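The values are calculated or read from the model by the stated rules, or taken from the named source; none is laboratory data. This is a predicted model, so every value here is computed, not measured. Cβ sites come from the backbone with ideal geometry, for glycine too, and all protein chains shown count toward neighbours. Each accessible area value is taken on the protein alone, full model and side chains, heavy atoms only, with ligands, DNA and RNA left out. Shrake-Rupley method; radii C 1.70, N 1.55, O 1.52, S 1.80 Å.
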Amino acid sequence: MSVRHLTILGATGTIGVNTLDVVARHPDRFNVVALSGNHQLDKLAEQCRVHSPRYAVVLDAASAARLREILKAMGSATEVLWGIAALEQIAALPEVDMVMAAIVGAAGLRPALAAAKAGKRILLANKETLVMAGSLFMQAVAAGGAELIPIDSEHNAIFQSLPRHFCGDLAACGVRRILLTASGGPFRTTPLNELAHVTPAQACAHPNWVMGKKISVDSATMMNKGLEVIEAHWLFNATPSQIQVVIHPQSVIHSMVDYLDGSVIAQLGNPDMRTPIAYALGFPERIDAGVSALDLFGRGLTFEPPDYARFPCLKLAFDALASGGMLPAVLNAANESAVAAFLAGHASYLTIPAAIEYALSRAPGGEPGSMDDLVQADLQARADADSFLETQRARA
Ligand code: NAD
Ligand code: MG
């Protein structure tokens with residue numbers, strides 16, 4: 001067994017920490033070459049102390065200076081770099097085999113692209129990369145000879161439930177549709193007239209998963225599932241009509257593949273991200289993830305169709321995918337702005353879909369020809385969502 005060399009982008013986040021937890025269980029298999037983090041410098045320094053990477057990357061010069069001081073006091077030999085170019089650099093190092101792409105939001109796109117162009121195995125947690133720039137990213141993966149393994153639990157489940165050598169054509173592989181499961185989040189049964197007053201703390205209290213704040217709010221609105229529909233489209237070459245969202249509140253089945261012969265293959269497990277992470281790290285072997293065995297007794301598994309009146313963000317995402325062009329990037333950017341405003345206490349829960357709808361109504365037409373087109377559309381969508389929310393605040 002040869003040692004695999006790893007870069008973890010977003011090491012200090014929920015996915016990053018879970019990745020390091022799995023890696024630490026297999027010191028004979030994995031070597032950490034580089035880690036990145038944003039603000040949590042003490043946490044990043046502690047990770048450097050434990051895993052001794054060659055490089056640690058932060059966002060700006062001031063954070064780099066501070067991290068260097070902390071590491072020096074620890075006697076760590078890790079070299080500190082900063083900025084987007086450094087993130088791209090650690091994603092493409094010749095000595096690196098695998099890159100965990102676990103930065104949150106649009107900021108994860110450029111380093112993920114660098115890993116694709118450099119032909120790495122990409123463990124893709126950053127779904128925003130596919131939502132924003134699915135076409136360009138998939139082209140880069142193919143051109144660079146990269147290998148893409150989804151970390152998002154649903155897509156990892158689908159990956160596990162498809163034929164091992166999936167040909168890229170669902171119908172040709174005998175697949176009728178993908179059944180993408182969703183927990184329904186914390187507001188699945190909240191009376192609709194109470195949704196106007198829900199708080200960020202309530203939205204972040206996910207019933208089954210512990211996650212970063214942004215994705216927790218996305219789970220409450222089901223925009224997370226909407227982004228995942230778009231993600232599934234790019235990963236598995238699935239049309240919107242080949243993707244059925246299924247609410248499954250227990251989060252035991254992580255998604256399913258429905259075959260033409262009537263077979264439905266599902267992947268089950270405890271809701272713990274270390275399972276998909278370990279699958280992707282070890283693929284095609286199975287390795288210990290530190291996750292306890294699933295106890296099937298004493299629990300029922302239930303399923304419901306999604307209700308668009310409760311979850312308008314899911315409908316907006318399906319519509320954006322069907323329209324294509326810049327709309328998925330606009331949807332993603334406007335959502336990031338609206339969720340940030342909601343988390344900061346500057347916008348109410350129900351203004352999130354309203355702001356996205358406004359930005360979508362002003363989206364540019366046509367296909368994105370380049371990354372610059374997408375960045376432009378992204379910035380415009382954020383500005384549109386912000387100005388919509390500003391107007392709403394002035395009215396309130
Ligand atoms: P998180 O907020 O816990 O962590 C985000 C990481 O990104 C941190 O290391 C942070 O330092 C870094 N970061 C933030 N902004 C940055 C910027 N501008 N530039 C560089 N680095 C930056 O998020 P998370 O829950 O770990 O999610 C990470 C990604 O994985 C997201 O795209 C999310 O959608 C996806 N994902 C997460 C889960 C989950 O269970 N947490 C499940 C599926 C997919
Ligand atoms: Mg998911």
For the stretch 375-386, pairs from a residue that is under 12 Å from Glu336 (Cβ atoms) and free of Cβ contacts under 8 Å to residues at least 60 places away in the same chain to a residue that is of a type in the set (Lys, Arg) and open to solvent by 50 Å² or more (accessible area, probe 1.4 Å), with Cβ under 9 Å and 6 or more apart or across chains, are Ala381/Arg362
Checked the stretch 19-58 for anything within 19 Å of the chain's Cα centre (by Cα) and either within 8 Å of ligand 1 (Cβ to nearest atom) or among the hydroxyl-bearing types (Ser, Thr, Tyr) (or both); matches are Thr19, Ser36, Gly37, Asn38
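For Asp307, indicate whether it is farther than 30 Å from Ala381 by Cα and at pLDDT 95 or above.
Working: farther than 30 Å from Ala381 by Cα: no; at pLDDT 95 or above: yes.
It is false that Asp307 is farther than 30 Å from Ala381 by Cα and at pLDDT 95 or above.
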Please verify whether Ile122 is within 16 Å of ligand 2 (Cβ to nearest atom) and within 18 Å of Val96 (Cβ to Cβ), treating the condition exactly as stated. no
Residue pairs qualifying under the 6 Å Cβ cut-off, at least six apart or on distinct chains, with the first in the stretch 197-217 being closer than 19 Å to Leu350 by Cβ and the second being within 14 Å of ligand 2 (Cβ to nearest atom) and among the polar types (S, T, N, Q), are Cys204/Ser216
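Examine the stretch 327-341 for a residue that is open to solvent by less than 70 Å² (accessible area, probe 1.4 Å), of a type outside the set (Lys, Arg) and not in a helix (DSSP H, G or I), and state whether such a residue exists.
Taking the stretch 327-341 as the starting set, the residues that turn out to be open to solvent by less than 70 Å² (accessible area, probe 1.4 Å) are 327-341.
Adding the requirement that they be of a type outside the set (Lys, Arg) leaves 327-341.
Pick out the ones that are also not in a helix (DSSP H, G or I) and you get none.
For the stretch 327-341, residues open to solvent by less than 70 Å² (accessible area, probe 1.4 Å), of a type outside the set (Lys, Arg) and not in a helix (DSSP H, G or I): absent.
Which one is nearest to ligand 1 (Cβ to nearest atom), of the residues in the stretch 221-241 that are over 14 Å from His155 (Cα atoms) and surrounded by fewer than 18 Cβ atoms within 10 Å (Cβ to Cβ)?
The initial filter retains those residues of the stretch 221-241 that are over 14 Å from His155 (Cα atoms), namely 221-223, 239-241.
Those left that are additionally surrounded by fewer than 18 Cβ atoms within 10 Å (Cβ to Cβ): 239-241.
Values: Thr239: 23, Pro240: 21, Ser241: 24 Å.
Checking each candidate, the answer is Pro240.
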Over the stretch 152-200, the set of residues in contact with an Asp or Glu (Cβ under 6 Å, 6 or more places away or on another chain) and more than 16 Å from ligand 1 (Cβ to nearest atom) is Arg176, Arg177, Leu179
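Scanning the stretch 110-129 for residues that are in a loop (DSSP other than H, G, I, E, B) and open to solvent by 10 Å² or more (accessible area, probe 1.4 Å), which turns out nearest to ligand 1 (Cβ to nearest atom)? Give the steps one after another, and end with the answer.
First, pick out the residues of the stretch 110-129 that are in a loop (DSSP other than H, G, I, E, B): 118-120, 125-126.
Next cut, open to solvent by 10 Å² or more (accessible area, probe 1.4 Å) only: 118-120, 125.
Numbers: Ala118: 18, Gly119: 22, Lys120: 17, Ala125: 3 Å.
Within the stretch 110-129, the match that is nearest to ligand 1 (Cβ to nearest atom) is Ala125.
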Log entry, pairs with first residue in the stretch 319-333 being more than 15 Å from Gln380 (Cα to Cα) and modelled with pLDDT of 95 or more, second being assigned to a helix (DSSP H, G or I) and open to solvent by less than 20 Å² (accessible area, probe 1.4 Å), beta carbons closer than 7 Å, six or more apart or on different chains, reads Ala320/Pro328; Ala320/Leu331; Leu321/Val229; Leu321/Ile230; Leu321/Pro328
Among the residues of the stretch 85-109, the number that are surrounded by fewer than 24 Cβ atoms within 10 Å (Cβ to Cβ), hydrophobic (A, V, I, L, M, F, W, C) and within 16 Å of ligand 2 (Cβ to nearest atom) is 1
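Residue by residue through the stretch 130-150, note down the ones that are open to solvent by 10 Å² or more (accessible area, probe 1.4 Å) and modelled with pLDDT under 95. Talk me through it step by step, then tell me what you get.
Start the filter on the stretch 130-150 by keeping residues that are open to solvent by 10 Å² or more (accessible area, probe 1.4 Å), which leaves 132, 135-136, 138-148.
Matches in the stretch 130-150: Met132, Ser135, Leu136.
When the residues of the stretch 161-193 are filtered to those that are in a strand (DSSP E or B) and among the β-branched types (Val, Ile, Thr), which remaining residue is farthest from Val252 (Cα to Cα)? Quick ask: steps written out before the conclusion?
Quick first cut of the stretch 161-193, residues in a strand (DSSP E or B) only: 175-182.
Going one step further and asking which of them are among the β-branched types (Val, Ile, Thr), we end up with 175, 178, 181.
Values: Val175: 22, Ile178: 17, Thr181: 10 Å.
Ranking the candidates gives Val175 first.
Quick one: which residue in Pro271, Pro249 is assigned to a loop (DSSP other than H, G, I, E, B), under 19 Å from the mean Cα position of the chain (by Cα) and within 16 Å of ligand 2 (Cβ to nearest atom)?
Working: Pro249 fails: under 19 Å from the mean Cα position of the chain (by Cα).
Of Pro271, Pro249, the one residue that is assigned to a loop (DSSP other than H, G, I, E, B), under 19 Å from the mean Cα position of the chain (by Cα) and within 16 Å of ligand 2 (Cβ to nearest atom) is Pro271.
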With the first residue restricted to the stretch 89-111 and required to be within 11 Å of Leu6 (Cβ to Cβ), and the second required to be in a strand (DSSP E or B) and of a type in the set (Lys, Arg), Cβ contacts under 8 Å at 6 or more apart or on different chains are Asp97/Arg4; Asp97/Arg121; Met98/Arg4; Met98/Arg121; Val99/Arg121
